[in-house]
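Single-structure report; data block below.
The values are calculated or read from the model by the stated rules, or taken from the named source; none is laboratory data. These numbers were taken from a predicted model, which means no experiment stands behind them. Don't worry about glycine lacking a Cβ; one is built from the backbone with ideal geometry, like all the others, and counts go over all protein chains shown. The accessibility values were calculated without ligands, DNA or RNA, using every heavy atom of the protein model including side chains. Shrake-Rupley method; radii C 1.70, N 1.55, O 1.52, S 1.80 Å.
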Amino acid sequence: MDTAADQKLIAAVRGALRELADPARAAGAQAYMKSQLPSLGVRVPEVRRIAARAVREFPPASAAQVRATVLDLWRTSTFREERYAAIDLTAHRLIAGDLDMLPVYEEIIRTGAWWDFADGVSGRICSLLQSHRGKMSHVLRQWSRDPDMWIRRAAITSQLRARKDTDTQLLAAVIEPNLADREFFIRKAIGWALREYAKTAPEWVAAFTARQRNAISPLSRREALRRIHAGTDQR
């Protein structure tokens, strides 16, 4: 079983990305992301298509090879879109619900250290939580108190796609240690997580924000209740 990174797949991704490079758009994208990592100016949907096409052309032999390929592409990336492609490769069916991917996602979050990378793997972390509730609940509670704010953001946003399967005890547990944090990206994440769950359980979100009225920031509260207030205004 091949456990080494697939260099042909990586080369295919890089070659296709460079063919679509747009220097004018790249300059704007880099400025928008406030990033020292250069951009190629390739749009996100195109990056996804490139990653999917490369996987079809060079099908990974095993879950271990997918992990190795993702990490190799991530670690050797010189353009932001290459890192997006590495994240896109984690959608492969061979690693769906694979707990061995957790260290990969953690590395992406810690070394990426920006919102697009942390948020890019939030859906994958949600899938791991659904497949391994005991282990992942423990991990996410630890992450919610981590010194790295991007790891804490990942804990807060870990159930964005859970909907009716949301573990409300866990949601509260990862939010509460961060309520006093003055960092914009943490406050925004709290509001985002609550706003998404409000689509499923507005009463729970309203009750939580009321109970935390003295601790939750105005930004988080406003984001959390946006849909609830909009629904009230429409009635």
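Taking the residues in the range 218-231 that are among the small types (Gly, Ala, Ser) and surrounded by fewer than 20 Cβ atoms within 10 Å (Cβ to Cβ) as candidates, determine which candidate is nearest to ALA180 (Cα to Cα).
ALA230
May I ask you to verify whether GLU176 is of a type in the set (D, E, K, R), part of a helix (DSSP H, G or I), within 19 Å of ALA118 (Cβ to Cβ) and touching a residue at least 24 places away in the same chain (Cβ under 8 Å)?
Judged against the criteria, GLU176 is not a match.
Surrounded by 22 or more Cβ atoms within 10 Å (Cβ to Cβ), farther than 25 Å from GLU106 by Cβ and either out of contact with any Ser or Thr (no Cβ under 8 Å at 6 or more places or on another chain) or not basic (Lys, Arg) (or both): which single residue out of ALA198, ALA210 fits that description?
Result: ALA198 is the single residue among ALA198, ALA210 that is surrounded by 22 or more Cβ atoms within 10 Å (Cβ to Cβ), farther than 25 Å from GLU106 by Cβ and either out of contact with any Ser or Thr (no Cβ under 8 Å at 6 or more places or on another chain) or not basic (Lys, Arg) (or both).
Being part of a helix (DSSP H, G or I) and crowded, with 18+ Cβ neighbours inside 10 Å, is that true of even one residue in the range 157-168?
No; the residues of the range 157-168 include none that is part of a helix (DSSP H, G or I) and crowded, with 18+ Cβ neighbours inside 10 Å.
Could you check how many residues of the range 1-26 are in contact with a Gly (Cβ under 7 Å, 6 or more places away or on another chain) and either at positive phi or part of a loop (DSSP other than H, G, I, E, B) (or both)?
Adding up the residues that qualify gives 2.
Looking at this structure, is ARG67 open to solvent by 10 Å² or more (accessible area, probe 1.4 Å), of a type in the set (D, E, K, R) and under 20 Å from the mean Cα position of the chain (by Cα)?
yes
Against the conditions (1) modelled with pLDDT of 95 or more; (2) over 15 Å from ALA12 (Cα atoms); (3) open to solvent by 50 Å² or more (accessible area, probe 1.4 Å); (4) not in a helix (DSSP H, G or I), where does GLN36 fall short? Just the number, please.
That leaves (1) as the condition not met.
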